[in-house]
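To start, the structure under review is shown below, and the notes come after it.
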Amino acid sequence: MSGEVQRRIRTCLECHRACLRAAVADLGRRDLEAAAPLARAILDCSQTCLIAADFITRMPSLSAELCAACAAACEACAEHCRRIAGDLPGMQECAEDCRRCADICRGTVPTGRSGGAVS
């Protein structure tokens, strides 16, 4: 496995963990109705990152599509976290990890989709 592939997997897993930490921090500090949009974005991103890392490892032929979905989920989550980063601990870290993961995953999307190259 190349260093770039290992970096992609590691970045997805780091983002997954940051999202889980942010979800736990958020659930204890706000009412559920107010937290719902952020919680959905965080959990969607967390799961997508985990699945992308798994597919990069086991099924490289499908990883480009999953990485495109992962990048989209990470971008949405980063935006939600960024909006409330000053109010809740861990949200800025989550936003940064999500942006980094989106950038890494975008690099695996074929040129016809979003300008990246398949690695």
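What the table shows:
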item	result
Test: Gly116 is at pLDDT below 85 and assigned to a helix (DSSP H, G or I)	no
Residue in the stretch 89-112 that is part of a helix (DSSP H, G or I) and modelled with pLDDT under 80 present	yes
Residue check for Cys81: out of contact with any Phe, Trp or Tyr (no Cβ under 7 Å at 6 or more places or on another chain), assigned to a helix (DSSP H, G or I), modelled with pLDDT of 85 or more and under 15 Å from Cys19 (Cβ atoms)	yes
Evaluation of Thr48 against (1) out of contact with any helix residue (DSSP H, G or I) (no Cβ under 8 Å at 6 or more places or on another chain); (2) at pLDDT 90 or above; (3) not hydrophobic (A, V, I, L, M, F, W, C) (one fails), failing number	(1)
Arg21 being more than 12 Å from Ala102 (Cα to Cα) and loosely packed, with under 15 Cβ neighbours inside 10 Å	no
Qualifying residue in the stretch 2-13 (condition: under 11 Å from the mean Cα position of the chain (by Cα) and in contact (Cβ under 8 Å) with a residue 60 or more places away in the chain)	yes
Filter pass, Cys67 being at pLDDT 95 or above, within 23 Å of Met1 (Cβ to Cβ), hydrophobic (A, V, I, L, M, F, W, C) and part of a helix (DSSP H, G or I)	no
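The values are calculated or read from the model by the stated rules, or taken from the named source; none is laboratory data. All figures in this text were calculated on a predicted structure; none of them were measured in a lab. No Cβ is skipped: glycine too gets one built from the backbone with ideal geometry, and neighbour counts run over all protein chains shown.
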